[in-house]
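A.B. asks: Structure provided below as structure tokens; questions to follow.
Derivation of every value follows stated rules applied to the coordinates shown; laboratory data play no part. Not measured: the values here are computed from a predicted model. Note that we place each Cβ from the backbone using ideal geometry, even for glycine, and neighbour counts take in every protein chain shown.
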Amino acid sequence: MKSGKYKVIAVVGPTAVGKSALAVELAKRFNGEVISADSRQVYQGLTIGTGKITKREMLGIPHHLLDVASPRGQYSVARYVKEGHRTISEIVRRKKLPIVVGGTGLYIDALLGEMQFPDVPPNPALRKKLAKKSTSELFSLLKKLDLKRAKTIDRHNPRRLVRAIEIARTAKLTPVPEQSSVRGTARNLKRKTDAKSHLYKPLYIGLVVPREKLQKRIAKRLVRRIKGGMIAEVRNLHTSSMSWKRLDSLGLEYRYVAQHLRGLISEKEMVAKLQTEIWHYAKRQMTWFRRNKKIKWFTPKELLEIRSEIIHFLG
RNA sequence: GGCCACGUGGCGAAGAUAGCAACGCGGCGGUCUGCAAAACCGCAAUGCGGGGGUGCAAAUCCCCCCGUGGCCU
């Protein structure tokens with residue numbers, strides 16, 4: 001098959017809705033393999049805190065892109081896309097159905113061609129230097145380098161500013177022909193996106209449950225994780241040379257359990273904080289997914305509807 | 001019973017010398033060009049315990065009442 005519009009199922013939705021279980025279910029039914037799309041589950045050793053699916057729960061279905069990186073290094077969307085493409089083509093070669101499942105909307109969109117990034121790798125030295133600057137300093141620096149980008153960027157967000165400067169600087173250093181210019185205007189990006197999106201033909205299945213219910217699920221899951229040894233997991237990570245700073249940057253359970261271990265908050269405060277933070281996270285996820293109009297939404301109970309949607313999709 | 005302190009949006013908490021009621025949390029919405037469980041932005045808020053008084057003007061000053069906390073007999 002030359003151009004190959006590989007059919008791919010994507011299961012999306014907020015944390016704790018039951019995506020993993022559904023994915024396994026669908027994989028069994030449709031002869032599929034699962035590709036995780038989770039920016040934290042890619043790391044080895046982040047297991048209980050990330051709610052990584054267990055061997056048992058996999059029910060024999062192969063799962064990919066879990067535990068593929070050391071938590072001491074920094075993973076990235078770019079790397080995810082690369083590994084994701086490779087994984088999908090392997091699955092297709094095995095005549096199986098690729099099922100992408102996860103809550104990291106950015107990873108999913110990037111992998112399935114909804115968005116595309118300029119080919120500028122991170123520059124740690126530059127980032128370290130820029131980290132010392134204030135937000136407004138970063139913004140005026142960007143204005144000098146790339147006025148166009150400066151006009152659309154969120155000028156308060158240091159992380160974005162640093163990356164934009166990184167891109168603009170590289171573009172300056174290695175001038176490229178206008179067409180393939182890396183300082184992507186919205187138009188440039190759009191064009192690339194269109195080209196990429198022909199790689200796959202995705203069917204987006206979105207999972208939702210009512211607010212209250214999701215909050216309850218989050219609370220219950222949190223208790224389960226604590227009983228399951230989450231605190232010890234974080235303690236061990238720190239003892240085996242993961243800095244508090246690094247744990248903090250991983251967010252949620254790793255951030256707040258670490259704060260508890262450092263004695264900054266009590267266990268009670270930790271649980272309360274996590275509950276609201278995880279809820280906030282779930283809301284952010286929904287905000288992200290809402291933008292993708294291709295997603296067809298279901299509740300976890302509507303398994304039959306989901307199946308027939310897929311049957312129809314697979315033709 | 002007496003004395004003192006306090007009573008500001010759902011919660012916490014600023015508001016010397018009276019002049020459009022900060023801020024934090026929570027709530028809701030949103031952004032997204034290689035850290036995305038991250039980083040960032042916006043919105044709303046039946047709110048100055050109640051009643052009088054003095055001021056052009058009172059959350060801010062005076063009086064009374066109610067409530068809460070503390071101390072005293």
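A.B. asks: Relative contact order, percent, of chain A when contacts are C-alpha pairs under 8 Å separated by at least 6 residues?
C.D. replies: Details: 400 pairs, mean separation 81.3, N = 315.
It rounds to 26 percent for chain A.
A.B. asks: Could you sort A:86-93, A:52-59 so that the peptide with the highest average Cβ count within 10 Å comes first and the rest follow in order? Each step should come with its number before you reach the end.
C.D. replies: Details: A:86-93: 15.9, A:52-59: 13.2.
In descending order of packing, they fall as A:86-93, A:52-59.
A.B. asks: Here is a follow-up. What ³J(HN,Hα) values, in whole Hz, does the Karplus curve 6.51 cos²θ - 1.76 cosθ + 1.60 give for the stretch A:148-165 when θ = phi - 60°, with x put for Gly and Pro?
C.D. replies: For the stretch A:148-165, the Karplus-derived couplings read 4, 5, 4, 6, 9, 6, 6, 6, 9, 9, x, 4, 5, 4, 4, 4, 4, 5 Hz, x marking Gly and Pro.
A.B. asks: OK, next. Hey, what's the Kirkwood Rh for chain A if you take every pair of different alpha carbons, in angstrom?
C.D. replies: It works out to 21.3 Å.
A.B. asks: For A:256, A:6, what ranking results if the residue with the fewest other Cβ atoms within 10 Å of its Cβ goes first?
C.D. replies: Details: A:256 25, A:6 16.
Fewest-to-most ranking of A:256, A:6: A:6, A:256.
A.B. asks: Still on this structure, I have one more. Taking the Cα centre of the stretch A:213-283 as origin, work out the dipole magnitude from +1 charges on Lys and Arg Cβ and -1 charges on Asp and Glu Cβ, in debye rounded to 20.
C.D. replies: Values: 16 positive and 6 negative charges, 79 e Å.
Around 380 debye, computed over the stretch A:213-283.
A.B. asks: Pairs of Cα atoms under 8 Å, at least six residues apart: use those to get the relative contact order of the stretch A:119-167, whole percent.
C.D. replies: Numbers: 40 pairs, mean separation 21.9, N = 49.
Averaging sequence separation for qualifying contacts and normalising by length gives 45 percent for the stretch A:119-167.
A.B. asks: Under 19 Å from a point 7 Å along the Cα-to-Cβ line of residue A:220: which residues of the stretch A:243-274 have their amide N that close?
C.D. replies: A:272
A.B. asks: Before rounding to the nearest 500, sum -39500 (n - 2.57) across all DSSP H runs of length at least 4 in chain A and divide by the residue total; then give [θ] at 222 nm in deg cm²/dmol.
C.D. replies: On the way: 15 runs with 171 residues, N = 315.
After summing the helix terms and dividing by residue count, I get -16500 deg cm²/dmol.
A.B. asks: Right, something else. When you count, for each residue, the other Cβ atoms within 10 Å and take the mean per peptide, how do A:308-315, A:282-289 rank with the highest first? Please list the in-between numbers first.
C.D. replies: Values: A:308-315: 12.1, A:282-289: 16.4.
For the peptides A:308-315, A:282-289, the packing ranking is A:282-289, A:308-315.
A.B. asks: What pairs in A:220/A:268; A:28/A:55; A:28/A:96; A:52/A:227; A:55/A:96; A:220/A:273 have C-alpha atoms more than 18 Å from each other?
C.D. replies: Values: A:220/A:268 15 Å; A:28/A:55 15 Å; A:28/A:96 11 Å; A:52/A:227 15 Å; A:55/A:96 20 Å; A:220/A:273 15 Å.
Long pairs (Cα-Cα over 18 Å): A:55/A:96.
A.B. asks: Using mean Cβ contacts within 10 Å as the protection proxy, how do A:260-270, A:138-148, A:122-132 order, highest first?
C.D. replies: Details: A:260-270: 13.6, A:138-148: 16.5, A:122-132: 12.0.
Descending packing order for the listed peptides: A:138-148, A:260-270, A:122-132.
A.B. asks: Now for a different question. Setting aside same-chain residues fewer than 8 positions from residue A:283, which aspartates and glutamates have a Cα under 19 Å from its Cα?
C.D. replies: Straight-line reach from residue A:283, under 19 Å: A:38, A:109, A:212, A:253.
A.B. asks: Which is farthest toward the positive dipole end of the stretch A:213-283 among A:261, A:236, A:280, measuring Cα position about the Cα centre, with Cβ charges +1 (Lys, Arg) and -1 (Asp, Glu)?
C.D. replies: A:280
A.B. asks: Relative to a virtual label point 7 Å from the Cα of residue A:157 in the Cα→beta-carbon direction, which members of the stretch A:262-293 show backbone nitrogen distances below 14 Å?
C.D. replies: A:284-285, A:287-289
A.B. asks: Same structure, new question: Please give the charge dipole size of chain A, origin at the Cα centre, charges +1 on K and R Cβ atoms and -1 on D and E Cβ atoms. Round to the nearest 20 debye. Intermediate results must be reported in sequence, preceding the final value.
C.D. replies: On the way: 66 positive and 26 negative charges, 124 e Å.
Using only the charged Cβ atoms, the result is roughly 600 debye.
A.B. asks: Once you keep just the Cα pairs under 8 angstrom separated by 6 or more residues, what percentage relative contact order results for the stretch A:213-283? Spell out each step's value before the answer.
C.D. replies: Numbers: 37 pairs, mean separation 22.4, N = 71.
Worked out over the stretch A:213-283, it gives 32 percent.
A.B. asks: If you stretched the chain out fully between residue A:273 and residue A:296, how much longer would it get, using 0.36 nm times the residue separation minus the C-alpha to C-alpha distance? Please report the intermediate quantities before stating the final value.
C.D. replies: Details: separation 23, 0.36 × 23 = 8.28 nm, distance 3.20 nm.
5.1 nm is the gain from fully extending residue A:273 to residue A:296.
A.B. asks: Quick one: which residues, 5+ away or cross-chain, put their amide H under 5 Å from the amide H of residue A:208? H built at 1.01 Å from N.
C.D. replies: Sorted by chain and number, the residues that satisfy this are A:298, A:299.
A.B. asks: Taking Cα centroids, how far is the stretch A:6-24 from the stretch A:198-229 in Å?
C.D. replies: 9 Å
A.B. asks: Can you tell me the FRET efficiency between residue A:126 and residue A:305 if r is taken as the Cβ-Cβ distance and R0 is 45 Å, rounded to the nearest 0.05?
C.D. replies: Working: r = 50 Å, r/R0 = 1.10.
In this case the efficiency is close to 0.35.
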